[in-house]
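Data block below; observations after.
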Amino acid sequence: MLEEREAIGKRVKRQRLRLGMPQADLAAAMGRTQGWVSKVENGRVELDRASIINQLAAALHCHPNDLIERPYVAGKSSENQWQVSASGILRELRRYDLTPVFDGAPRPSAELWRDTLRLHRLRDTASNVAILRVLPDMLREARALAEVS
């Protein structure tokens, strides 16, 4: 989590410097202190609310995705499908302790295992995009099977 805060802080600083904006000006635009901006840029403040990230992005004249390192728009082109899929995988991994939202009944574990073996073959052929397309649904279904079991 600390690395993520530092990374966002670096992107905030890079965008601020790109605009030639002093920390004091960004602080004034945010209604915060210059010390707060310094802490953000050094990764010592967790930007845990979308409203703060949106406000920072507006003050820095950039898109919020530029600050959180998601420079793509979901579903816009086939080029960014791996990023969309990776987001789905991360979402499923973060929800590991929640009851999965799964329509219908999960397949038996033997069938899921066969799909897992298919993923291994895809890995061996470096078919990363294909893996990323399948993995979020497999994770969700495996969690649902564990919940049912």
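Read-outs throughout are calculated quantities, based only on the coordinates presented, and are distinct from any laboratory measurement. Please read all numbers here as calculations on a predicted model, not as lab measurements. Cβ coordinates were reconstructed from backbone atoms using ideal geometry, including for glycine residues, and neighbour counts include every protein chain displayed.
The share of C-alpha pairs in the range 1-67 whose separation exceeds 18 Å stands at 23 percent.
Electrostatic bookkeeping for Ser127 treats Lys and Arg as +1 and Asp and Glu as -1; over the other residues with beta carbon under 15 Å from its beta carbon, the sum is +2. What the Cβ-Cβ distance of Ala130 and Asp66 gives, at R0 = 25 Å and to the nearest 0.05, is a FRET efficiency of 0.30.
Here the Karplus relation 6.51 cos²θ - 1.76 cosθ + 1.60, evaluated at θ = phi - 60°, turns the backbone of the range 112-125 into coupling constants of 5, 5, 4, 5, 5, 5, 4, 4, 4, 5, 5, 4, 5, 9 Hz, with x for every Gly and Pro.
Of the chymotrypsin sites (Phe, Trp or Tyr not before Pro) in the range 87-120, the ones in a loop by DSSP (not H, G, I, E or B) with at most 14 other beta carbons within 10 Å are Tyr96.
Working note: Karplus 6.51/-1.76/1.60 with θ = phi - 60° gives the range 57-67 the couplings 4, 5, 5, 9, 6, 9, 7, x, 4, 5, 7 Hz, where Gly and Pro are set to x.
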